[in-house]
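The numbers here are math on the coordinates, done by the rules we state, and not lab data. Nothing here was measured: the structure is a model prediction, and the numbers come from that model. FYI the Cβ positions are ideal-geometry reconstructions off the backbone, even for glycines, and counts take in every protein chain you see.
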Amino acid sequence: MKINIVYHNRNIKTEDVANIKELIANNPDKSRRYISQELCRQWNWRQENGALKDMLCRGLLLKLQSDGLISLPAKKFCPNNPFLNRKVPKPIKVDQTPIEGDLHKIKPIEFRSVRRCNHEKVYNALMQEYHYLGYKQHVGEHFKYIAFHKDRPIGCIGWTSVLWYMGCRDRFIGWDAETRQKNLNLIAYNHRLLILPWIRIKNLASYLLGLSTRIIPRDWNNFYNHPIYFVETFVDTSRYKGTCYRASNWICLGNTSGRGKKAPTKKATQPIKSVWGYPLSKDFREELCAGIK
């Protein structure tokens, strides 16, 4: 039987399945994790930062087993999955004394990356309690930032990897489907922006966006070992007008379809949002439409 399966943009053919069967047969006492990681090494299936695509590979192995194409070793143990069993961040106590006035009165503002440090719990809790969408943990590429005024948090900004397809963004960039598939990781998505409700400083949101877009290219490249050339976000127009993005020179690219990611139908099932983008370099189109360097 000829096999040709596409799994997360990787073509799995008959010879690949035969290779997996041989790997399992040659390691009868090894765990599923070992099989997955060894297969990643053989295929050089890695993330941009060099880490093995272990979880993605394990998903493929489970699919092949459910399709009756391979037989995996029995599970040796079932570790706790922190993403399936993740608890909602608990509220924290922060100074809620109102801060009002002009932006220059609270400068300098410290803008700090808090991922994998003690303040990450502060970010998570503030997003959960004060952002209308709540807190969401991402397992892919992402960054979390808190803006501080005299050690008091005044705002938070979160960045993640982007959605697979976005018509108005893709038309603005001018890339084809194949190029988008290769270079999508060169874009980041501003998925959260929060100014704490007791902070009433004019132009603070646009100022923090400006700080963030200057810092995120460097941090992303240092941590994930690849650049980004463009950033995007969505604005729920039933709640906001996107004023802070416009003031920060972001460009309104159009609207979402309301169908969600990889929707099975053409009917809108989600709120339609405006899409905003911001080039991080003058030659962003050339970089995004080029081949992998």
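Below, the figures for the structure above:
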{"read-out": "Neighbour-count ranking [beta-carbon atoms within 10 angstrom, fewest first] of His142, His8", "value": "His8, His142"}
{"read-out": "Proximal charge balance of Ile173 [Cβ under 9 Å; K/R count +1, D/E count -1]", "value": "+3"}
{"read-out": "Fewest-first sequence of Glu100, Glu287 by Cβ atoms within 10 Å of each Cβ", "value": "Glu100, Glu287"}
{"read-out": "Span from the segment 1-75 Cα centroid across to the segment 91-155 one, whole angstrom", "value": "40 Å"}
{"read-out": "Debye equation applied to the C-alpha atoms of segment 4-66, log10 I(q)/I(0) at 0.12, 0.13, 0.20 Å⁻¹", "value": "-0.27, -0.31, -0.77"}
{"read-out": "Integer Hz, Karplus 6.51/-1.76/1.60 couplings in order for segment 166-175, x for Gly and Pro", "value": "8, x, 5, 5, 5, 5, 5, 6, x, 9"}
{"read-out": "Positive-pole candidate from Ile99, Cys168, Leu208, dipole of segment 99-288, charges at beta carbon", "value": "Ile99"}
{"read-out": "Segment 137-293 shape via C-alpha gyration tensor axes, a/c threshold 1.5", "value": "oblate"}
{"read-out": "Local electrostatic count, Lys75, Cβ distance below 14 Å [Lys/Arg +1, Asp/Glu -1]", "value": "+4"}
{"read-out": "Under-5 Å amide H pairs with Ala290, H placed in peptide plane, nonlocal only", "value": "none"}
{"read-out": "Mean projected area in nm² (Cα convex hull; one quarter of hull surface) for segment 41-188", "value": "14.2 nm²"}
{"read-out": "Cα-derived Rg over Rh, computed across the chain with Rh taken as Kirkwood radius", "value": "1.02"}
{"read-out": "Residues with amide H under 5 Å from that of Gly155, placed H, sequence gap 5 or more", "value": "Ala147, Leu196"}
{"read-out": "Built amide H within the under 5 Å cut-off of Lys273, gap 5+", "value": "Thr256, Gly258"}
{"read-out": "Which listed pairs, of Lys202/Lys241; Lys107/Lys136; Lys90/Lys136; Lys105/Lys241; Lys107/Lys150, have C-alpha distances above 19 Å, in listed order", "value": "Lys107/Lys136; Lys105/Lys241"}
{"read-out": "Assigned charges on the beta-carbon of Lys, Arg, Asp, Glu; the chain dipole about Cα centre (debye)", "value": "640 debye"}
{"read-out": "Phi-based couplings in Hz for segment 23-33 (Karplus 6.51, -1.76, 1.60; Gly and Pro marked x)", "value": "4, 5, 5, 7, 9, x, 9, 8, 7, 5, 5"}
{"read-out": "Over the chain: helical MRE at 222 nm, DSSP H runs n ≥ 4 each giving -39500 (n - 2.57), nearest 500", "value": "-9500 deg cm²/dmol"}
